[in-house]
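Undergrad: Got a structure for you, questions after.
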Amino acid sequence: MADLKYTLHTHTIRFDGQNTPAEMVAHAKDLGFNTIGFSNHFIVNPAIRNSKLYYYSELGGYHNIYSGSFKEAVYKFKIHYAEIEKIRKLYPEMNILRGMEVDFFDNDKWKEGFQEAIRLLKPDYTIGSAHFIEHDGVLLNTHDWQSADPELQKELLKQYWSNVEKAAGSGLFTWMAHLDLPKKAGLGFGDEWMVLENKAVRAAAKSNTAIEINTGFYRNYCYEPYPSNRVLKMIKRSKVPVLLSDDAHSMEAIGRHFDEAQNLIEFFKLKTFDVNSLIK
Ligand SMILES: [Zn+2]
Ligand SMILES: [Zn+2]
């Protein structure tokens, strides 16, 4: 199929999104999209319920995105994917894909569990991410780093980039999400981070993993997507393919700032990921 108009990084109700998959598909179709994929959070860690953010997620009612075991996460995704399957039948003209946004944890037990989960769920694609850093036996979310002292912030950033490099190089993911996520917490802008950023980009190149241009950051104090122009230049040099992502947590966010992000792809002459390859 030529001319795919796609949105593949989206979140829905029962996870931390605001709309049902059916509402998202109907709205995407109205906007002229012919391809939509769902990538709800797949965050599995036995210590996740001890994290600060878990407490807040319970207050906010979106704690379902966290699972203490793979068994739990697979159970949730089986129900979710079955719902998507039903919607597929209602919209034969749309490509409707089953994805997941996965938090990568660098240990063998996690990798084994994840690979087994993939065998069971058979997603159409997986997005790698690192929203959490393990520090002193506690999982710290990007949000928590803001209040840390500068020395600890530096250490967390180092760990973040090392995690992203490992995730990007693992070959477990179709593409990597919001590569320079720490800027959400106002961190990692300095040029001293370029070495680690470049390592992560090169790891993606080596394992044939794409990188998304995530337009969810445009609304913030600095008007750009994830990743920054600085990282986009590295992506260009390493010839890593890119794709657009709106990280939509509601139907109104579908396709936000795609024109501007598309301009960046053209400006830097970036190689683009073949979304067609995901469609069976
Ligand atoms: Zn994310
Ligand atoms: Zn997301």
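Undergrad: Output wanted: per-residue J couplings in Hz (rounded whole) for region 234-247, from phi through Karplus 6.51 cos²θ - 1.76 cosθ + 1.60, θ = phi - 60°, x for Gly and Pro.
TA: Karplus-based 3J(HN,Hα) across region 234-247 equals 5, 4, 4, 4, 8, 6, 7, x, 10, 8, 7, 8, 9, 6 Hz.
Undergrad: A further question follows. Going 7 Å from the Cα of residue 47 toward and past its Cβ, which residues in region 133-154 have a backbone nitrogen under 16 Å from where you end up?
TA: Correct set: 133-142, 144-145.
Undergrad: Which whole-Hz ³J(HN,Hα) couplings does region 177-183 yield from phi under the Karplus relation 6.51 cos²θ - 1.76 cosθ + 1.60, θ = phi - 60°, glycine and proline marked x?
TA: 7, 3, 4, 9, 3, x, 5
Undergrad: Please give the per residue accessible area of the chain, computed with a probe of 1.4 Å over protein heavy atoms only, in Å².
TA: On the way: 12870 Å² over 280 residues.
On a per-residue basis, the chain sits at 46 Å².
Undergrad: Which of the trypsin sites (Lys or Arg not before Pro) found in region 97-195 are in a DSSP loop and have at most 16 neighbouring Cβ atoms, other than their own, within 10 Å?
TA: Details: sites: 98, 109, 111, 119, 154, 158, 166, 183, 184; in loops: none.
Sparse-neighbourhood loop trypsin sites (Lys or Arg not before Pro): none present.
Undergrad: List the trypsin sites (Lys or Arg not before Pro) within region 213-256 that fall in a DSSP loop (any state other than H, G, I, E or B) and whose Cβ has at most 13 other Cβ atoms within 10 Å.
TA: Working: sites: 219, 230, 233, 236, 237, 239, 256; in loops: 219, 239, 256.
The qualifying sites are 219, 239.
Undergrad: Next question. Tell me, what ³J(HN,Hα) does each residue in region 68-81 have, in order and in whole Hz, if you take phi through Karplus 6.51 cos²θ - 1.76 cosθ + 1.60 with θ = phi - 60° and put x for Gly and Pro?
TA: Couplings: x, 8, 5, 4, 4, 5, 5, 4, 4, 6, 4, 5, 4, 5 Hz.
Undergrad: Follow-up. Kindly sort 143, 135 by accessible area of their heavy atoms, largest first, with the probe set to 1.4 Å. Present the calculation step by step, with values, prior to reporting the outcome.
TA: Values: 143 95, 135 35 Å².
Highest to lowest solvent-accessible surface, that is 143, 135.
Undergrad: Further question on the same structure: About its Cα centre, how strong a charge dipole does the chain have in debye, to the nearest 20, once Lys and Arg get +1 and Asp and Glu get -1 at the Cβ?
TA: Working: 34 positive and 36 negative charges, 163 e Å.
Result for the chain is approximately 780 debye, rounded to the nearest 20.
Undergrad: Okay, next question. What's the percent breakdown of Cα-Cα distances in region 23-65 across 10 Å bins, shortest bin first?
TA: Result returned by the calculation: 23, 33, 22, 20, 1.
Undergrad: Spin-label point model (7 Å from Cα, Cβ direction): what's the residue 207 to residue 262 distance in nm?
TA: For the pair residue 207/residue 262, the computed spacing is 3.1 nm.
Undergrad: Right, another one. How much of the accessible area of region 109-187, probe 1.4 Å, is carbon plus sulfur, in whole percent?
TA: Numbers: 1600 of 3290 Å².
C and S atoms contribute 49 percent here.
Undergrad: When the helix-only estimate is applied to the chain (DSSP H runs of n ≥ 4, each -39,500 (n - 2.57), divided by the residue count), what is the mean residue ellipticity at 222 nm, nearest 500 deg cm²/dmol?
TA: Details: 9 runs with 111 residues, N = 280.
Computed ellipticity for the chain at 222 nm equals -12500 deg cm²/dmol.
The values are calculated or read from the model by the stated rules, or taken from the named source; none is laboratory data. Everything quoted here is computed from the prediction, not taken from an experiment. With ideal geometry, Cβ positions are generated from the backbone for all residues, glycine too; neighbour counts draw on all protein chains shown. Side chains included, ligands, DNA and RNA excluded: accessible areas come from the protein's heavy atoms. Shrake-Rupley method; radii C 1.70, N 1.55, O 1.52, S 1.80 Å.
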